[in-house]
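Visitor: Okay, handing you the structure first.
No value in this document is a laboratory result; all are computed from the given coordinates. Quick caveat: nothing in here was measured; it's all calculated off a predicted structure. Reconstructed Cβ throughout: ideal geometry from the backbone, glycine too, with neighbour counts over all protein chains shown.
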Amino acid sequence: MNPREEDSRLERAYEGLLGGDVDEGVAPIPATPWEESPEAGARLPGWGGFFARPGVVAWTFLLPALAAFFVFSWLPLLRGLVLSFQDFGLVKEANWVGLDNYLRAMSDPQVIATLVHAIAFCALSLALGFWAPVALALYANELRRGRGLLKAVFFLPFLTPTVPAVLVWRWILDGGYGALNAVLSLGPWGPVRIPWLTDPALALLSLVLVFLWKTTGWNALIYQAALRDVPAEVYEIAELDGTGLWQRIRAVSLPILRPTMAFLLLMQVITTLQIFTEVHLLTGGGPANSTEMIATYMYKRSFLYLDIGYAAALGVLLFLALLGFTAARLRSLEES
Amino acid sequence: MKPLRVLVFGLAFPAAACAAEAGVFSVWNRPPAARAAERKIWDEELADFSATYARTIGEPTFKVNAVSREYVAQQFVPVMAGGKGPDVAKVRAEALPSLARQGLLASLKSEVDGWDQRAFVPQVFWDAATVEGKIYGVPCDSYVTVLMVRKDLWVQAGYSIDQPPADWAALEAAAKRLNDPARGVAGFGFSPTIEAVGDFVRQAGGELFRGGPAGWEPSFQENPGTAALTYLRRLRFEDGVLQSDPLASREELAQLFALGRLAMMMGVPDQMPDLISRYGMDPGELLLFPLPAGPTGVHAAHAGGEYFVVNASATPRNKAAAWAYIRTQLSPGNQLYRWRRMNELGLPIFPGAFSTTAHLSQLPGFQLMEQALSSARPEPALPKWPQIKDDLESGVLELLFTQADADVSGELREAAERVRELYL
Amino acid sequence: MPRGLLGDRERRSPAVRLGFGFATAVVALMGCATLAPFAWMLLTAVRPAGELFASPARLWPESWGLSAFVDALERLPLARYLWNSVLVSGVSALGQLALAAPAAWGLAHMRSRFKPLWTLLLAASLLVPVETLVVPLFLEMRAFPLGGRSGWNLLDSPAALILPGLVSAFALFTLKAFLGRFPREIRDSARLDGCSEWGVFLRFVLPMSRSILTVLGLFGFIAAWNAFFWPLVAVSDPAHYTLVLGVQKLLESGEPWNVVMAASALSVLPSLALFMTLQGTLARGLDLSGYFP
């Protein structure tokens, strides 16, 4: 083939793949595997006959990744499972205790407390911060200019490394010398000394605040990306019909965003259940264990109490919980 | 395939690097960069040891890796268990039995038995490091809790520098007089750790735990414990003379104290280098008083110390080097050298910088140590002390110091039950 | 031109103008709240220690100075930690792509009897929380690869931080979804012309996926840069700390807040600079709606 022809063919395929007008895009052809096509019987050049066999070639693509996953993901999970049935102290020999760790975990008030905290954290962050990214995305979609500035500002918390950001927040939320109290003290009610991080009730709220600060911009960007797919005609029809702004939002924007919302909801639940860095650095488990989360509790039990079998059991339970939740969510999504 | 090359390079280089570093003798507790003068002396001692030891074993390329880290309970275990941790480190006395039982420390019994300085260390310190008949640590320094007071604020309030607050009532009155919210000065700095609370419980005539190696019983829930916590909570909630952050750590309190935002605080003389070098306090403004007596007239403070420990997974070569290092550090020659250098560099002399052997007790500046030690007692040598400490601090103490309407005796009783069930 | 909820004629109406103005004010406020921590970080870092503890805090410092930065540079070996972070993050990100791209191509287009099994296992590993893996990984790294009594001790080296970061189910599935839409005809015609499967992959697929590879590489870089939990456990020698670990240790060792804020500012700057220059690619990459449902 003429190189120039080949280039233009590639270009067209590239464009179709990556954007451009939705109408003119190159639709993907449903795939019949190469191995089933008539040409497969022909003698395949390069790499010798054996390596050209379809099954083997597939393996050479998959093997490195699968090996890495095996060593660094599945094997540790398996080992964690094995550890959860043992009583192990990192240096000494392990001895089997069967289901002892699991039974202990289910009757440990601290474990139940961490679950309650995780659920409260998730619920609070959703209640306070679910609609803000949506509203932000809707607003950003209307902007003619300045969208870049908006993106730059709101994406910044996501780009900032978590550790310095959380340390700054710890200093801001300090009860006596923090900036938040200083700003609040500017009002007519005089100096304010709210114990953001040292009151068991407020500590969780502070965590939610930091979490929302970090994730709102990111969520808004994802919503905005989804909103850009709406073709102009839909809006024009709605405008001609004379529907009000709220109805337009409800009829057009929200349905478009629904799958993204479901996806982000799922991701949020998964993230909130696994949160560690923010908790460890902001409150360390909180005043009187009031912000202890599953991950921080596992860390404490593993390395301070050296109760590794127990922590492994908690890890397995956490994994099963996430698995169950995701499966249930996916099933409900399929049904709807 | 540039990325591939970068990948291979990226994995091979560190692998080679860590292979080369394997087996280097590594020592912890190098003073941080913020304490430049101390670090200088420490480096000098280490260089001297390095050169001498290299000559002794005939290995001119003997290298020592000096690491600037301190013992932090939750992080120390993975470090030691990781097999790449320090060969020699200093740990706090109360953590030693727990670490030894977990198998992280090497037994030093044979080395200590053959040590000529052994008899100069009080037996009680050896006992605290003995687990199941084997010795796991060598005592290297000791400290006593004292009341630190800012001289400028103390004198300004009309008190005399020869008159420490004698009892709880006097302490409360002084704190109230020194407390000045308008100028941002809090009267008394108290960090709710189990050791600090334990001092007040002892002053009230009780103990945190009662018993001995045969068995332990929690006793903090009895009347002295309740009395101590009621008193401290009164300081916090009713009098409002404590620092603004109820859960402030010792380091935060030291900062506030050095900057004049705290008039008094409970501290240890070991904090003096930090106060002076790191936080910039004028040494002339520091007054050290013994802790007040309780309502029954009991003076009590707690004595603690640090021990040199050797990693259980150290190679025999490194273990020998570790013992040589410990011996050198605690030798009379080294201790005198340190005392001389600290004087030359203008560092405050405090007992915590020196060994617990009796060599230096005749030197000036150590009389305070003698006096304080007479009323100080060490922590209960519970086998699971770090875990109990964490449980009590995060479970009960944090609650009692952040909730004004907590039921003190009820919470303490519950905690005692839990501790008895889980750890004793 | 892409349009939103408001039509051109509508925009000119005074009611909409007012509403939009109000919304802009609210967004501006949110923007200020988002940027406020950075401003406070800098405002604290230029203060002398004596001014840190006013109650309530003084928002504008009375005296300025860079002494905190000098102290931070002295006490935080910035160059060393920066190099550690760059090495670990860079190799992690590249390694992730190197492993995930061929596997994604294989999963998307090749027939294999075990494909459903691999897909299931890889999806499950998306859900494995890092906390569950910490202790087993610790044991494995202590005696690589089997984690028993004998093996290579990889702890306390960049390898311990890089290797677990090579597995990213997120990258794999994203690439799989993306490559699943790769036009069939290119591959077929290339094969007909005599190209091997790997040839097709290296010469056609990779160059055409440059943008998404860049985006995923950036995500991997950011994730590895920010990692805290695993480095905390795996690295004990301060010489091997990453930047974020070093900053946290600074606070833990009792440095005053202005020094810690100065160190934080210094640690935020390189990552921000890097990410900002690549922000164009990142934002463009997010417009690829191929991988969000």
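Visitor: Using only DSSP helix segments of four residues or longer, with each worth -39500 (n - 2.57), what per-residue ellipticity at 222 nm results for chain C after dividing by its residue count and rounding to 500? Walk me through the numbers before you get to the answer.
Guide: Details: 15 runs with 195 residues, N = 293.
So the helix-based figure for chain C works out to -21000 deg cm²/dmol.
Visitor: Specify whether the C-alpha gyration tensor of segment B:161-209 places it in the rounded, prolate or oblate class, a ≥ b ≥ c being the square roots of the eigenvalues: rounded for a/c under 1.5, otherwise prolate if a/b is larger than b/c and oblate if not.
Guide: Because a/c hits 1.5 or more and a/b fails to exceed b/c, segment B:161-209 counts as oblate.
Visitor: Normalised by the residues of chain B, what does the relative contact order come to in percent, with Cα pairs under 8 Å and at least six apart?
Guide: Relative contact order comes out at 25 percent.
Visitor: About the Cα centre, and with charges only on the beta carbon of Lys, Arg (+1) and Asp, Glu (-1), how big is the dipole of the protein assembly as shown? Nearest 20 debye, please. The partial results should precede the final answer.
Guide: On the way: 87 positive and 94 negative charges, 425 e Å.
Rounded to the nearest 20 debye, it is 2040 debye.
Visitor: Here is a follow-up. Answer rounded, prolate or oblate for segment A:97-208, using the Cα gyration tensor with square roots of eigenvalues a ≥ b ≥ c: rounded when a/c is under 1.5, else prolate when a/b is larger than b/c, else oblate.
Guide: Details: a/c = 2.43, a/b = 1.43, b/c = 1.70.
In terms of gyration-tensor shape, oblate.
Visitor: Which value, in debye to the nearest 20, gives the size of the charge dipole of segment A:100-335 about its Cα centre, when Lys and Arg are +1 and Asp and Glu are -1 at the Cβ? Please list the in-between numbers first.
Guide: Values: 16 positive and 15 negative charges, 82 e Å.
Magnitude of the dipole: close to 400 debye.
Visitor: OK, next. Cut-off is 10 Å between beta-carbons; in what order do C:Ser267, B:Ser219 appear when sorted fewest neighbours first?
Guide: B:Ser219, C:Ser267
Visitor: Ratio of chain B's C-alpha Rg to 2.2 N^0.38 Å, to two decimals? Mind showing how you got there, number by number?
Guide: Numbers: Rg = 23.2 Å, N = 424, 2.2 N^0.38 = 21.9 Å.
Against the empirical 2.2 N^0.38 Å value, I get 1.06 for chain B.
Visitor: Would you list B:Arg420, A:Arg248, A:Arg104 from fewest to most Cβ contacts within 10 Å?
Guide: Placing the least packed residue first, the sequence is B:Arg420, A:Arg104, A:Arg248.
Visitor: About the Cα centre of segment B:69-186, how large is the charge dipole given +1 on each Lys and Arg Cβ and -1 on each Asp and Glu Cβ? Please answer in debye to the nearest 20. List each step's numbers first, then the result.
Guide: Details: 13 positive and 14 negative charges, 78 e Å.
The dipole of segment B:69-186 has a size of about 380 debye.
Visitor: Another one. Just order C:44-55, B:401-412 by mean Cβ neighbour count inside 10 Å, highest at the front, would you?
Guide: Sorting C:44-55, B:401-412 by mean packing, highest first, produces C:44-55, B:401-412.
Visitor: Just going by the charge dipole of segment C:35-120, with Lys and Arg at +1 and Asp and Glu at -1 on Cβ, which of C:Ala68, C:Leu78, C:Ala104 is farthest out on the positive end?
Guide: Of the candidates, C:Ala104 comes out farthest on the positive side.
Visitor: Then there's this: Take the alpha-carbon centre of segment C:1-73, take the same for segment B:243-262, and report the distance between them in whole Å.
Guide: 30 Å
Visitor: Something else: Roughly what angle does helix B:168-178 make with the longest principal axis of chain B, taking Cα atoms, 0 to 90 degrees, to the nearest 10?
Guide: 90 degrees
Visitor: Going highest first, how would you order B:162-170, A:308-316 by mean Cβ packing within 10 Å?
Guide: Packing proxy ranking, top to bottom: A:308-316, B:162-170.
Visitor: Ignore the peptide's own chain and count Cβ atoms of other chains within 10 Å of each Cβ in C:250-262; give me the average, rounded.
Guide: That works out to 6 on average.
Visitor: Could you work out the relative contact order of segment B:194-295? I mean the mean sequence separation of Cα pairs under 8 Å and 6+ apart, divided by the number of residues, in percent.
Guide: 23 percent
Visitor: Follow-up question, since we're still on this one. Average partner chain C-beta neighbours within 10 Å, per residue of C:148-158? Mind dumping the intermediate values first?
Guide: Numbers: counts 0, 0, 0, 0, 4, 7, 5, 8, 8, 9, 7.
Shielding by partners across C:148-158 averages 4.
Visitor: Follow-up question, since we're still on this one. Output the relative contact order of chain C, whole-number percent, from Cα pairs under 8 angstrom with separation of 6+ residues.
Guide: 29 percent
Visitor: What order do you get for A:Ile222, C:Ile212, B:Ile161 when you list them from fewest to most C-beta neighbours inside 10 Å?
Guide: The most exposed by this proxy come first: B:Ile161, A:Ile222, C:Ile212.
Visitor: Here's another thing I want to ask about it. Give the separation of the Cα centroids, segment A:206-251 to segment B:30-90, in Å.
Guide: Comparing the Cα centres of segment A:206-251 and segment B:30-90, I get a distance of 58 Å.
Visitor: Just tell me how shielded A:281-291 is by partners: mean number of partner chain Cβ atoms within 10 Å of each residue's Cβ, no decimals. Walk me through the numbers before you get to the answer.
Guide: Working: counts 4, 0, 1, 4, 3, 4, 8, 14, 5, 4, 0.
Across A:281-291, the average partner-chain Cβ count within 10 Å equals 4.
Visitor: Can you count the Lys pairs in chain B with C-alpha separation below 24 Å, eight or more apart or on different chains?
Guide: 19
Visitor: Using a/c under 1.5 as the rounded threshold, could you call the protein assembly as shown rounded, prolate or oblate? The axes a ≥ b ≥ c are square roots of the C-alpha gyration tensor eigenvalues, and prolate needs a/b larger than b/c, oblate otherwise.
Guide: Prolate shape, in that a/c is at least 1.5 and a/b is the bigger ratio.
Visitor: Counting only trypsin sites (Lys or Arg not before Pro) that sit in a DSSP loop (anything but H, G, I, E, B) with at most 10 other Cβ atoms within 10 Å, what is the longest stretch of chain C containing none of them?
Guide: Details: sites that count: C:Arg113, C:Arg149.
With a cap of 10 other Cβ atoms within 10 Å, the longest stretch comes to C:150-293.
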